[in-house]
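Participant: Below are the structure tokens for one structure; questions will follow.
The values are calculated or read from the model by the stated rules, or taken from the named source; none is laboratory data. Model, not experiment: these values are computed from the prediction. Glycine also receives a Cβ, built like all others from the backbone with ideal geometry; neighbour counts cover every protein chain displayed. What goes into the accessible areas is simple: the full protein's heavy atoms, side chains included, and nothing from ligands, DNA or RNA. Shrake-Rupley method; radii C 1.70, N 1.55, O 1.52, S 1.80 Å.
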Amino acid sequence: MSFSRLKQLTDANQATASDPRVSAWVSANAGTGKTTVLVNRVLRLLLHKDRASDAYTRPEKILCLTYTKAAAAEMENRLSGILAHWAVMGKRELAGALEDLRGSPASPPDMARARTLFATTLDTRGGLKIHTIHAFCERLLHRFPLEAGIQADFKVLDDQERRELRDDAIDDVLGRAVAEEGEPLGQALMEVVAVSAEESFRALIEVTLGRQEEIRALHRLNDTFATLGQSERHGITRAFGVSANRGETDVLQEMGQALSDDQIDAFLAGIPTEKATERNLLSALAGAKAAPAPELRALAFREAFLTQSGTPRKTLLTKPVAAEFPQFDSELHEAQDAVVALAREQAVLGIASATAALLTLADEIIARYERRKAARAALDYDDLIEKTHRLLSGSHAAAWVLYKLDYGIDHILVDEAQDTSPVQWRVIAALAGEFFAGESAQEASRTLFAVGDEKQSIYSFQGADPVSFAKHGRTFGKLVQGAGQGWEPVPLTVSFRSTEPVLKAVDEVFAQDGARDGVVWEGVGIVHQAVRAGQAGLVELWPVEEPEDYTPAHAMRPHEEREAATHARDALVEKIAATIDFWLDSGERLEAQNRAMRPGDILLLVRTRDEFVRKLIAALKGRGIPVAGADRMKLGEQLAVMDLMAVGDFVLLPDDDLTLATLLKSP
């Protein structure tokens, strides 16, 4: 597609998305100008005169919800800058700007309106409503504390305070669990510890506590937590097709019957043992026969038929032996199938039991955490969303609150909608639902706008569900169209950021079903178009560096051991450094700049600043290649700073002789 055609397509889609007369659901790829569309829609709303009310949209009637404070600040700064510029523009320049924005000539009243918007927004109480969804919920709860059932002077915990309160709750509950070894809480701790690594135990608790909304939903379905744990256990077993009435003992007893003693005797007597495959198998089977308990017999069968990772062994008998004893081969594979099925059942029961135990701990921690918050009259960010949702949909005062809000909001705009969690969507749905249901409190037109990209969802750890973006788009579309109002689903696929080869590489990756799963739904393809068509670009995939295997020397002859093979990380470091060195020495051309490449033209992106980065910097400097922006230090690890911190510790606690001695000994 030609540049002019792409430009026309982009302009048309952006104009549709920013049209203040219709609701729009915008799916935007990275670099397609979605922030520009969002800003333009607000500007066009401020310039829009509604036919029903014959009045311009007032700034306080527009609510913009963003996901981060930085995004809210950026949007507010861009809007304020444009409005301030309009206020001092010449007549012809302003007319051109408004025509570019709306696609039609501006009338004298529109130009007069544009000149006053900067002052109008400054005079608006609270200014433009550009908030994160948490900030909006906080304002709403402060406005309706009685209806929400909370204290009017509640405090919002910041991340540090929230972490400290939660850590205290975790420590208290774990301490109690250790003391109550035989009680349900202590048993739950022992079970969770048994299936989790020491270094990941705390992280497992934290991840579970991050799913409080799901735990609350389980509570709504169960009267007591004992029922909740048992219900969750049964739910998991049912999902995997396992009977909840069976226990692990039942499974192990059945697994121990996979082969009879007579069958094992026949195998031991008839199968030759020249090969290690047969020797290992027969050894495990002999151990099963001699096992003094059903559980140990089952364990021996697992060893015989499954690998250490729990997958079925690919080879039970070597090909010559299997061909010579087909009946043995058939019986062994039949027994293996039975053990595999029972091992899966055992794993499901273990997962279900461990999940119930984890929920037991999590529920007690959450309860302790909630009591600590209540003592401080505090709410955290999750509480803001949850209590606002209940205020707008579940409380007896919901109708009153929505009626009052109906006078204050006519247009809702949601930015980064792919990172909106399901409960946050329910808050937005409660607000927007009043726009299009029944008789509105006003006759002015009401609109809903959302922009997002499922492929850029990065907050799943905070409950974001990218599939909700498409699902709610369909739901709101039916709602708006059912009310007889305009609805426009708008794709923004033309990127202003990347070049054609880069975008083509992305499309080729996501053309594969496996790569596309979880990124887009309902068979929708991923298409990127570049407005920078014809410009240079290259995506080059290097082979994965593998460490070289080597045989260590005999323990009694260590002097014969050769130097360890190159680590894969070191090999990659050398390859990157050598490639950059070649570019600079050979005079690799930058076509866009019509000159040779310079060190400052190269940007290296890494996942973390670890040992790999340090080795890479050393390799580049060893070749005389200048490196900038990587020599950072951690202040807390500098000796002078540590000394100052020690001084502070000693001043606060003069009896701390060890700190004083350390400080005096420091050079």
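Participant: Give the residue from ASN280, THR208, ILE264 lying farthest towards the positive end of the charge dipole for the chain; charges sit on Cβ (+1 for Lys and Arg, -1 for Asp and Glu) and the dipole is referred to the Cα centre.
Facilitator: Most positive-ward Cα: THR208.
Participant: Among residues other than LYS289 whose Cβ falls under 12 Å from its Cβ, what is the net charge (Lys/Arg +1, Asp/Glu -1)?
Facilitator: Around LYS289, the charge tally is -2.
Participant: Below 8 Å between Cα atoms, with a sequence gap of 6+, how large is the relative contact order for the stretch 48-126 in percent?
Facilitator: It rounds to 30 percent for the stretch 48-126.
Participant: Normalising by the residue count of the stretch 1-155, find the relative contact order in percent from Cα pairs under 8 Å and 6+ residues apart.
Facilitator: 23 percent
Participant: Only Lys, Arg, Asp and Glu count, each charged at its Cβ (+1, +1, -1, -1), so figure out the dipole size of the chain about its Cα centre, rounded to 20 debye.
Facilitator: 3280 debye
Participant: Can I ask one more? Assuming 0.36 nm per residue, please report the length gained on full extension of the stretch GLU198 to ALA286 beyond their Cα-Cα distance.
Facilitator: Length gained between GLU198 and ALA286: 28.2 nm.
Participant: Leaving ligands, DNA and RNA out of it, work out the accessible area of ASP50 with a 1.4 Å probe and give it in Å² to the nearest 10.
Facilitator: Its heavy atoms expose roughly 20 Å² to the probe.
Participant: Label-point separation (nm) for LEU605 and ARG211, each offset 7 Å from Cα along Cα-to-Cβ?
Facilitator: In this crude label model, LEU605 to ARG211 measures out at 3.1 nm.
Participant: So between GLU180 and GLU545, what do we pick up on full extension, going 0.36 nm a residue minus the alpha carbon distance?
Facilitator: This chain segment gains 126.3 nm when fully extended.
Participant: Using the heavy atoms of the protein chains alone and a 1.4 angstrom probe, what is the accessible area of the stretch 568-667 per residue in square angstrom?
Facilitator: Accessible surface, normalised per residue, equals 75 Å².
Participant: How do ASP158, ASP655 rank by accessible surface area computed with a 1.4 Å probe, from largest to smallest?
Facilitator: Order by accessible area, largest first: ASP655, ASP158.
Participant: Which angle from 0 to 90°, rounded to the nearest 10, does the C-alpha axis of helix 467-482 make with the longest principal axis of the chain?
Facilitator: 40 degrees
Participant: Something else about it: Please compute the contact order of the chain in relative form: average sequence separation of alpha-carbon pairs under 8 Å and at least six residues apart, divided by the residue count, as a percent.
Facilitator: Once normalised by length, the contact order is 19 percent.
Participant: Now for a different question. Count the DSSP beta bridges whose two residues both fall in the chain, then state the antiparallel fraction as a percent rounded to the nearest 5.
Facilitator: 15 percent
Participant: Which far-off residues, 5 or more places away or on another chain, put their amide H under 5 Å from the one on ALA378, with H placed in the peptide plane?
Facilitator: Residues meeting the amide H criterion: LYS155.
Participant: Once you list every other residue whose beta carbon is under 12 Å from the beta carbon of THR16, what net charge do they have if Lys and Arg are +1 and Asp and Glu are -1?
Facilitator: Once all neighbours under 12 Å are counted, the net charge is 0.
Participant: Taking the Cα centre of the stretch 1-137 as the origin, how large is its charge dipole in debye, to the nearest 20, when only Lys and Arg (+1) and Asp and Glu (-1) carry charge on their Cβ atoms?
Facilitator: 80 debye
Participant: Taking amide H atoms as placed 1.01 Å from N in the peptide plane, list the residues 5 or more away in sequence, or in a different chain, whose amide H sits under 5 Å from that of SER18.
Facilitator: none
Participant: Which FRET efficiency, nearest 0.05, do GLN8 and GLU370 yield, Cβ-Cβ r, R0 60 Å?
Facilitator: Using R0 = 60 Å, I get an efficiency of 0.60.
Participant: Given the convex hull over the Cα atoms of the stretch 135-199, what projected area results after averaging over all orientations, in nm²?
Facilitator: Projected over every direction and averaged, the Cα hull of the stretch 135-199 covers 7.0 nm².
Participant: Provide the per-residue ³J(HN,Hα) series for the stretch 130-144, in order, calculated from phi with Karplus coefficients 6.51, -1.76, 1.60 and θ = phi - 60°, each as a whole number of Hz, with x at glycine and proline positions.
Facilitator: 10, 10, 6, 5, 5, 5, 4, 4, 4, 4, 5, 5, 5, 7, 10
Participant: If you don't mind, there's one more thing I want to ask. Taking only protein heavy atoms and a 1.4 Å probe, what accessible area per residue, in Å², does the stretch 1-94 have with all protein chains in place?
Facilitator: Ligands and nucleic acids excluded, the result is 45 Å² per residue.
Participant: A follow-up question, please. Which whole-Hz ³J(HN,Hα) couplings does the stretch 278-288 yield from phi under the Karplus relation 6.51 cos²θ - 1.76 cosθ + 1.60, θ = phi - 60°, glycine and proline marked x?
Facilitator: These are the phi-based 3J(HN,Hα) values: 5, 4, 5, 5, 5, 4, 5, 5, 5, x, 5 Hz.
Participant: Gap in Å between the Cα centre of the stretch 377-423 and the Cα centre of the stretch 345-363?
Facilitator: 34 Å
Participant: For MET645, MET89, write out the residues from largest to smallest accessible area, computed with a 1.4 angstrom probe and no ligands counted.
Facilitator: Of MET645, MET89, the descending order of accessible area is MET645, MET89.
Participant: For a Förster distance of 51 Å, can you work out the FRET efficiency between the beta-carbons of SER53 and VAL467, rounded to the nearest 0.05?
Facilitator: Computed FRET efficiency for SER53 and VAL467 comes out at 0.85.
Participant: As a test of the formula, what do you get for the chain when each DSSP H run with n ≥ 4 contributes -39,500 (n - 2.57) and the sum is divided by the residue count, at 222 nm and rounded to the nearest 500 deg cm²/dmol?
Facilitator: -18000 deg cm²/dmol
Participant: May I ask you to rank SER309, SER468, SER196 by accessible area, largest first, using a 1.4 Å probe over the protein chains only?
Facilitator: SER309, SER196, SER468
Participant: Where Lys and Arg each count +1 and Asp and Glu each count -1, what net charge lies around ALA28 among other residues with Cβ under 15 Å from its Cβ?
Facilitator: -3
Participant: Taking H as built 1.01 Å from N, whose amide H comes closer than 5 Å to the amide H of VAL490, not counting residues under 5 places away?
Facilitator: Amide H neighbours of VAL490, under 5 Å, 5+ apart: TRP25, VAL26, SER27.
Participant: Counting other C-beta atoms within 10 Å, and keeping those with at most 12, which DSSP coil GluC sites (Glu not before Pro) do you find in the stretch 257-313?
Facilitator: GLU274
Participant: What are the ³J(HN,Hα) values, in whole Hz, obtained from phi via the Karplus relation 6.51 cos²θ - 1.76 cosθ + 1.60 with θ = phi - 60°, for each residue of the stretch 595-604 in sequence order, with x given for Gly and Pro?
Facilitator: Computed from phi, the couplings for the stretch 595-604 are 7, 6, 5, 10, x, x, 7, 9, 10, 10 Hz.
Participant: Something else: What is the extension gain from LYS621 to ASN245, computed as 0.36 nm multiplied by their sequence separation minus the C-alpha to C-alpha distance, in nm to one decimal?
Facilitator: Answer, rounded to one decimal: 128.8 nm.
Participant: Kindly report, to the nearest 10 Å², the accessible surface of TYR56 as traced by a 1.4 Å probe over protein heavy atoms only.
Facilitator: Around 50 Å² of this residue is reachable by solvent.
Participant: Shifting gears a bit: Across the Cα atoms of the stretch 70-122, what radius of gyration and what greatest pairwise Cα-Cα distance (Dmax) are found, in Å?
Facilitator: Every Cα atom of the stretch 70-122 included, Rg and Dmax give 11.6, 36 Å.
Participant: Where the only charges are on Cβ atoms (+1 Lys, Arg; -1 Asp, Glu), what is the dipole of the stretch 312-358 about its Cα centre, to the nearest 20 debye?
Facilitator: It works out to roughly 260 debye.
Participant: Identify which of the listed values of Cα extents along the principal axes in Å was calculated from the structure shown: (i) 103, 74, 72; (ii) 130, 63, 49; (iii) 98, 66, 49.
Facilitator: Label (i) holds the value from this structure.
Participant: Related question: Could you tell me, in Å, what Rg and Dmax come out for the Cα atoms of the stretch 356-440?
Facilitator: When restricted to Cα atoms, the stretch 356-440 yields Rg and Dmax of 16.4, 50 Å.
Participant: Test of understanding: given the chain, find the longest segment containing no trypsin sites (Lys or Arg not before Pro) that are in a DSSP loop and have at most 11 other Cβ atoms within 10 Å.
Facilitator: 315-561
Participant: Round to a whole angstrom and tell me the spacing of the C-alpha centers of the stretch 129-196 and the stretch 253-305.
Facilitator: Distance between centres, Cα-based: 51 Å.
Participant: Within the chain, what whole-number % of the accessible surface is contributed by carbon and sulfur, with the 1.4 Å probe and all protein chains included in the calculation?
Facilitator: The nonpolar share, carbon plus sulfur, comes to 54 percent.
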